[in-house]
Amino acid sequence: MSDFRTPLRRVRGLGAAGGTEHFWQQRLTAISNLVLITVFLILLLTLMDESYEGVRAAFANPFVGIIMALMVISATIHMKLGMQVIIEDYIHGGAKLPLLILNTFFAIAVAAASLFAIVKMSFGV
């Protein structure tokens, strides 16, 4: 009994190293968050004294809209991965699966609402 792989891991040929993908996704989103949230904070400080029209004009720039959309996507993926680890480590029993599902849907809802707001600001709809 030296094979510690699950049946799914044996079929996919991944061995016991299935968690490394999650590890790397979390690290890469952390690095991208560092850059993107820094740009977001600079933009926020720059637009702090602007009127609503000035903020909309800034978001009309495609570069600003794309950077903000990338920040939302990276942050929500990172949030989902972090909460998934917490749920998997500290929740036991029948509540684990529903919480993992809710975690995924919550991250999708946050991303969708944020992206909708960015698109609305960028296109002036």
For this session: Could you check how many residues of the stretch 57-98 are over 17 Å from the mean Cα position of the chain (by Cα), surrounded by 13 or more Cβ atoms within 10 Å (Cβ to Cβ), under 21 Å from His22 (Cβ atoms) and of a type outside the set (Asp, Glu)?
Result: 2
Exercise. List the pairs whose first member sits in the stretch 105-123 and is farther than 14 Å from Met71 by Cα, whose second member is of a type in the set (Gly, Ala, Ser) and assigned to a helix (DSSP H, G or I), and whose Cβ atoms are under 8 Å apart, counting only residues at least 6 apart or on separate chains?
Worked result: Met121/Gly65; Ser122/Gly65
Problem set entry | Filter pass, Leu102 being at pLDDT 95 or above and either out of contact with any helix residue (DSSP H, G or I) (no Cβ under 8 Å at 6 or more places or on another chain) or of a type in the set (Ser, Thr, Tyr) (or both) | yes
For this session: Being loosely packed, with under 13 Cβ neighbours inside 10 Å, modelled with pLDDT of 90 or more and within 29 Å of Gln84 (Cβ to Cβ) is the filter here, so list the residues in the stretch 1-56 that pass it.
Result: Trp24, Arg27, Ile31, Leu34, Thr38, Leu41, Leu44
Exercise. If we scan the stretch 74-96, do we find a residue that is within 26 Å of Leu28 (Cα to Cα) and touching a Lys or Arg at 6+ places or on another chain (Cβ under 8 Å)?
Worked result: yes
Problem set entry | Whichever residue in the stretch 100-125 is farther than 17 Å from Thr76 by Cα and loosely packed, with under 12 Cβ neighbours inside 10 Å and, among such residues, is nearest to the chain's Cα centre (by Cα) | Phe123
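The values are calculated or read from the model by the stated rules, or taken from the named source; none is laboratory data. For clarity, every value in this text was computed on a predicted model and none was experimentally measured. Neighbour counts are summed over all protein chains in view; Cβ atoms, including those assigned to glycine, are modelled from backbone coordinates with ideal geometry.
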